[in-house]
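Okay, so here's the structure we're looking at.
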Amino acid sequence: MLLGAPGSGKGTQAEMITRQFGIPVTSPGAILRREKDLGTPLGLETAEITQHGGLVPDHIIVGLIEDWLRLHGAHGFVFDGFPRTMPQAESLGTILTRLRTPLDLAIWLDISEETVVERISSRLQCQACGFTTSVTAAVFAERPICPYCDGPLARRTDDDAEVLKKRLLEFKAKTQPLATSYEKLGTLRRIDANRDREAVFADISRLIEQAA
Ligand code: AMP
């Protein structure tokens, strides 16, 4: 699982892990954005919360993860942005025990608040495939299109300065305590995520190879 503040690179690293190691990834945030775009009851019900930087109720998120594990099997997975609260972590523990699947690694992407603010204010995301880049990287293209699928690149609607403040508060209050919890279980590994994506990925790859 990849844990860390907004903008710490969870989505980017999850994508790189999938490409390199072929491990399937699931991200509640990405699922909720898609549901909202599709106008489903789940998307509409949660849009108000996600747009304001709050956390969606635990039972909804745990339900999404259970559905995903049922569909994909529990033999290999990367969780991007799950769990984010202690009750979610406890539910996950129960689910994995039931499935007799150990959790190999909880990777904590350590990042300074300054870097978070800088990254989020220039983040662009592909509306079609979810690839994430930055305004500075995208100026090389004539128009902001995704280098992978040609989809349109745009700012995420919750990447706004005020919403970010709330997301950071939620992170500190509800997600940060998970670090101690996974540290006690011996699965936590901290990585300096202030560096570029390749440097972070090199460390993550090493951890995955050691855990295999
Ligand atoms: P992300 O794409 O991971 O930044 O998530 C975007 C938004 O989706 C978050 O700000 C939350 O509103 C919601 N969300 C994503 N994952 C979770 C989670 N594990 N628990 C509660 N809310 C979540």
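The values are calculated or read from the model by the stated rules, or taken from the named source; none is laboratory data. Remember, it's a predicted structure, so these values are computed and weren't measured experimentally. Glycine also receives a Cβ, built like all others from the backbone with ideal geometry; neighbour counts cover every protein chain displayed.
Just one of the listed residues (Ala128, Ala137, Ala154) is touching a Cys at 6+ places or on another chain (Cβ under 6 Å), over 30 Å from Thr187 (Cα atoms) and free of Cβ contacts under 8 Å to residues at least 40 places away in the same chain, namely Ala128.
Considered as a group, the residues in the stretch 97-117 that are within 18 Å of Glu66 (Cα to Cα) and exposed (fewer than 15 other Cβ atoms within 10 Å of the Cβ) include one that is farthest from the ligand (Cβ to nearest atom), and that residue is Arg100.
Answer yes if at least one residue in the stretch 129-145 is hydrophobic (A, V, I, L, M, F, W, C) and within 16 Å of the ligand (Cβ to nearest atom), and no otherwise.
Residues of the stretch 129-145 hydrophobic (A, V, I, L, M, F, W, C): 129, 131, 135, 137-141, 145.
Subset that is within 16 Å of the ligand (Cβ to nearest atom): 129, 131.
Yes.
Quick one: count up the residues across the stretch 73-90 that are within 8 Å of the ligand (Cβ to nearest atom) and among the charged types (D, E, K, R).
Step one: list which residues in the stretch 73-90 are within 8 Å of the ligand (Cβ to nearest atom), which gives 80-85, 88.
When the remaining residues are screened for being among the charged types (D, E, K, R), the result is 80, 84.
Qualifying residue count for the region: 2.
Among the residues making up the stretch 128-145, those that are under 20 Å from the mean Cα position of the chain (by Cα) and either closer than 22 Å to Ile204 by Cα or surrounded by 15 or more Cβ atoms within 10 Å (Cβ to Cβ) (or both) are Gly130, Phe131, Thr132, Thr133, Ser134. Within the stretch 77-84, one or more residues are surrounded by 14 or more Cβ atoms within 10 Å (Cβ to Cβ) and basic (Lys, Arg).
Okay, residues lined up against (1) surrounded by 13 or more Cβ atoms within 10 Å (Cβ to Cβ); (2) under 16 Å from the mean Cα position of the chain (by Cα); (3) among the aromatic types (Phe, Trp, Tyr):
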residue	(1), (2), (3)
Pro147	yes, no, no
Arg156	yes, yes, no
Leu169	no, no, no
Ser181	yes, no, no
Arg190	yes, yes, no
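Within the stretch 165-183, being without any contact (Cβ under 8 Å) to a residue 40 or more places away in the chain and away from the ligand (no atom under 13 Å from the Cβ) holds for Lys172, Gln176, Thr180, Glu183. Of the helices (runs of 4 or more DSSP H) lying entirely inside the stretch 121-212, none contains at least 1 residues that are of a type in the set (D, E, K, R) and modelled with pLDDT under 90. Looking across Gly4, Gly39, one residue alone is under 19 Å from Phe171 (Cβ atoms) and modelled with pLDDT of 95 or more. It is Gly4.
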